[in-house]
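Sharing a structure here in structure tokens format.
The values are calculated or read from the model by the stated rules, or taken from the named source; none is laboratory data. Bear in mind that the values here come from a model prediction, so they are computed numbers and not experimental data. No Cβ is skipped: glycine too gets one built from the backbone with ideal geometry, and neighbour counts run over all protein chains shown. Accessible surface is based on the protein model in full, side chains and every heavy atom, while ligands, DNA and RNA are left aside. Shrake-Rupley method; radii C 1.70, N 1.55, O 1.52, S 1.80 Å.
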Amino acid sequence: MRIVVEDVGKTFIDSKKNEVTALKDINFSIEQQEFVVLVGPSGCGKSTLLNIVGGLMSPSTGQVYFEGGSGKDPKLGIVFQEIALFPWRTVYQNVIFGLQENGASKKECEEKGKYYIDMVGLTGFENAYPKQLSGGMKQRAGIARALSVEPDLLLMDEPFSALDAQTRTLMQEELLTIWDRTRLSTLYVTHNIQEAVYLGDRVIVLSRHPGQIKSIINIDMPKM
Ligand code: ADP
Ligand code: ADP
């Protein structure tokens with residue numbers, strides 16, 4: 001599936017009733033099996049753009065569309081910086097949440113739950129509750145939950161920014177290993193240029209005033 005972002009703009013009205021232009025004239029695409037990173041300073045509109053691509057927010061202008069999918073609504077997997085695990089559910093119950101929502105059978109939940117818990121290195125922690133996990137482990141569980149629905153597009157908004165430097169480096173390496181196995185079309189948001197060039201096939205740099213594309217850096221050849 002190919003994701004096209006066409007002429008997207010977003011204007012907010014702030015508390016003083018002033019218009020704030022968060023994004024203007026944004027055009028890019030995410031090709032099948034491509035890992036695209038959006039990078040730029042705080043406040044440049046990265047989260048807004050990710051939320052628009054993910055359908056969580058509507059753009060003020062332009063559109064986002066999906067080409068070459070199964071014809072149904074695209075399936076999305078989303079991982080945020082703020083750990084959004086359900087505290088009253090175990091790791092396993094959190095990971096299979098999206099599958100259950102999609103009406104998967106118990107058997108499918110068990111198979112995929114086990115598979116993706118193993119992929120993120122949480123085997124043995126299936127019955128733990130989020131409060132018993134470290135920050136890195138919570139993000140692993142969040143990633144497994146996003147992967148378990150086998151999404152057409154994986155969206156990640158600063159997933160490792162709240163972690164200590166050592167854990168963050170480890171998680172970046174592990175994400176690339178996972179990515180090599182899944183080859184999901186991915187849009188990843190960060191303010192860290194070093195992280196962006198380490199992870200991305202293509203890095204889109206947003207400028208501050210107002211969120212427009214400053215440059216697009218091609219890091220790797222398309223992986224086909
Ligand atoms: P980034 O993710 O790059 O830090 P954001 O997308 O969060 O940037 O924000 C871009 C700009 O839009 C900022 O100026 C921010 O204050 C503004 N903004 C974001 N969300 C809202 C909102 N709900 N209401 C008003 N302004 C907003
Ligand atoms: P990030 O740095 O990850 O973009 P922010 O702290 O900028 O996170 O934004 C967190 C949330 O607050 C987002 O949902 C964003 O839309 C909202 N937000 C950001 N700026 C504003 C603002 N000026 N007024 C209202 N909501 C805002």
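Before rounding to the nearest 500, sum -39500 (n - 2.57) across all DSSP H runs of length at least 4 in the chain and divide by the residue total; then give [θ] at 222 nm in deg cm²/dmol.
The per-residue figure over the chain is -9500 deg cm²/dmol.
Now for a separate question. Using the basic label-point model (7 angstrom from Cα toward the beta carbon), what is the Val4 to Ala84 distance in nanometres?
Taking the two extended label points, one gets 2.7 nm.
Peptides 91-102, 18-29, 47-58, 209-220: what's the order by average Cβ count within 10 Å, highest mean first?
91-102, 47-58, 18-29, 209-220
At R0 = 30 Å, how high is the FRET efficiency between Ser207 and Glu150 if r is their beta carbon distance? Nearest 0.05 is fine. Show your work: numbers first, answer last.
Values: r = 35 Å, r/R0 = 1.16.
Given R0 = 30 Å and the Cβ-Cβ separation, E is 0.30.
Turning to a different aspect of this structure: Need one number: nm distance between label points at Ala162 and Glu19, each 7 Å from Cα along Cα→Cβ, rounded to one decimal.
3.5
Now for a separate question. Report, in degrees rounded to the nearest 10, the 0 to 90 angle that the Cα long axis of helix 165-182 makes with the longest principal axis of the chain.
80
Under the definition of Cα pairs under 8 Å and six or more residues apart, what whole-number percent is the relative contact order of the chain?
After rounding, I find 31 percent.
Suppose we keep just the DSSP beta bridges with both residues in the chain; what percent of those would be antiparallel, to 5?
50
Give me the percent of the accessible area of the chain that comes from carbon and sulfur atoms, probe 1.4 Å, all protein chains in place.
On the way: 5610 of 11400 Å².
Exposed carbon and sulfur together represent 49 percent of the surface.
What percent does the relative contact order of the stretch 90-217 come to when contacts are Cα pairs within less than 8 Å and at least six residues apart?
Once divided by the residue count of the stretch 90-217, the mean separation gives 21 percent.
Pop a pseudo-label 7 angstrom from the Cα along the beta-carbon direction at both Thr169 and Asn192 and give the gap in nm to one decimal.
It works out to 1.1 nm between the two label points.
Full extension from Ile217 to Leu56: what is 0.36 nm times the residue separation minus their Cα-Cα distance, to one decimal in nm? Before the final figure, lay out each step's value.
Working: separation 161, 0.36 × 161 = 57.96 nm, distance 2.69 nm.
Full extension from Ile217 to Leu56 adds 55.3 nm.
For a label point 7 angstrom out from the Cα of Tyr129 toward its Cβ, which stretches of the stretch 91-111 have the backbone nitrogen within less than 17 Å?
From the stretch 91-111, the list is 91-95.
OK, next. In square angstrom, rounded to the nearest 10, how much accessible surface does Glu110 have for a 1.4 Å probe?
Spelled out: Glu110, probe radius 1.4 Å, area about 90 Å².
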